[in-house]
Amino acid sequence: MSRIGRMPITIPPGVDIKIEDSVVCVKGPKGELKRDLSPEMMLSLENGVLEVKRPTDNKMHRELHGLTRSLLFNMVEGVTNGFEKNLEIVGVGFRADKEGDNVILRIGFTHTVNIKPYPGVKLDVDAKNTGIKVFGIDKEVVGQMASEIRRVRPPDAYKGKGIRYAGEKIKLKPGKAGKAVGGKTK
């Protein structure tokens with residue numbers, strides 16, 4: 001059995017779950033999420049506990065078991081607490097500004113880059129204009145938005161300049177060693 005798939009999901013107070021065939025709708029204080037899951041997985045909701053069961057032990061059902069449970073857990077977590085990703089901008093003169101819902105990036109190009117958030121995602125810029133916060137209730141969409149912002153200017157391998165996730169370690173290349181000291185060598 002899948003270790004993740006076997007774990008029950010405790011539904012916090014204030015969260016309402018509706019299961020109709022293979023469509024699951026989760027409503028909570030932060031919003032509502034709907035997802036069409038595999039019709040082969042069996043979902044049971046009893047006494048505030050949601051469980052996922054698989055019909056057989058074949059490879060496809062074992063794969064779907066853990067996936068379905070993780071997707072449902074992320075939906076419940078999203079409507080209660082939400083998800084956020086933090087990005088850092090590193091480089092002299094690199095900065096971000098908030099303009100309405102959009103974020104304007106000045107990151108060393110001849111032009112500014114306008115980032116428009118996906119529906120259900122909010123963008124925020126910190127006070128120093130070097131940090132971007134992406135938050136929303138759908139974990140998948142928040143991660144995709146953060147990935148697309150990072151893709152505008154990924155960190156440079158030599159100096160580390162660019163946009164990176166908060167806490168991301170960048171392995172820098174040493175660069176050229178320079179000429180040998182002491183003149184020409186033959």
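Would you confirm, using the coordinates I've provided, whether LEU87 is within 20 Å of the chain's Cα centre (by Cα), closer than 28 Å to ARG151 by Cβ and assigned by TED's automatic domain parsing to the domain that holds ILE9?
No, not satisfied.
Against the conditions (1) over 30 Å from LEU172 (Cβ atoms); (2) in contact with a strand residue (DSSP E or B) (Cβ under 7 Å, 6 or more places away or on another chain); (3) free of Cβ contacts under 8 Å to residues at least 24 places away in the same chain; (4) of a type outside the set (Ser, Thr, Tyr), where does VAL121 fall short? Just the number, please.
(3)
Condition first: touching a Ser or Thr at 6+ places or on another chain (Cβ under 6 Å) and surrounded by 11 or more Cβ atoms within 10 Å (Cβ to Cβ). Now tell me which residues in region 16-48 satisfy that.
Once the filter is applied, which keeps residues that are touching a Ser or Thr at 6+ places or on another chain (Cβ under 6 Å) and surrounded by 11 or more Cβ atoms within 10 Å (Cβ to Cβ), region 16-48 yields GLY28, LEU37, MET41.
Quick one: is LEU72 within 22 Å of the chain's Cα centre (by Cα) and either over 22 Å from GLY5 (Cα atoms) or assigned to a strand (DSSP E or B) (or both)?
Taking the combined requirement at face value, the residue does not satisfy it.
For residues that are among the aliphatic types (A, V, I, L, M), over 13 Å from ILE163 (Cα atoms) and surrounded by 15 or more Cβ atoms within 10 Å (Cβ to Cβ), tally how many sit in region 126-142.
Looking only at that region, the number is 4.
Here are some residues: ASN114, ASN58, ASN74, ASN47. Which one is polar (S, T, N, Q) and in the same structural domain as LYS159 (by TED's automatic domain parsing)? Give the steps one after another, and end with the answer.
Numbers: ASN58 fails: in the same structural domain as LYS159 (by TED's automatic domain parsing); ASN74 fails: in the same structural domain as LYS159 (by TED's automatic domain parsing); ASN47 fails: in the same structural domain as LYS159 (by TED's automatic domain parsing).
From the options ASN114, ASN58, ASN74, ASN47, the qualifying one is ASN114.
Return the pairs, sorted by first residue and then second, in which the second residue is assigned to a loop (DSSP other than H, G, I, E, B) and exposed (fewer than 11 other Cβ atoms within 10 Å of the Cβ), the first residue lies in region 12-26 and is at positive phi, the beta carbons are less than 7 Å apart, and the residues are 6+ apart or on different chains.
ASP21/PRO39
Tell me which residues, restricted to region 85-101, are part of a loop (DSSP other than H, G, I, E, B) and out of contact with any Pro (no Cβ under 9 Å at 6 or more places or on another chain).
The answer is GLY91, VAL92, GLY93, PHE94, GLY100.
Going by the conditions given, is ALA146 part of a strand (DSSP E or B) and either touching a Gly at 6+ places or on another chain (Cβ under 6 Å) or small (Gly, Ala, Ser) (or both)?
no
The values are calculated or read from the model by the stated rules, or taken from the named source; none is laboratory data. The structure presented is a predicted model; accordingly, all values stated were derived computationally and were not measured. So basically every Cβ, Gly included, is an ideal-geometry build from the backbone, and we count neighbours across all protein chains shown.
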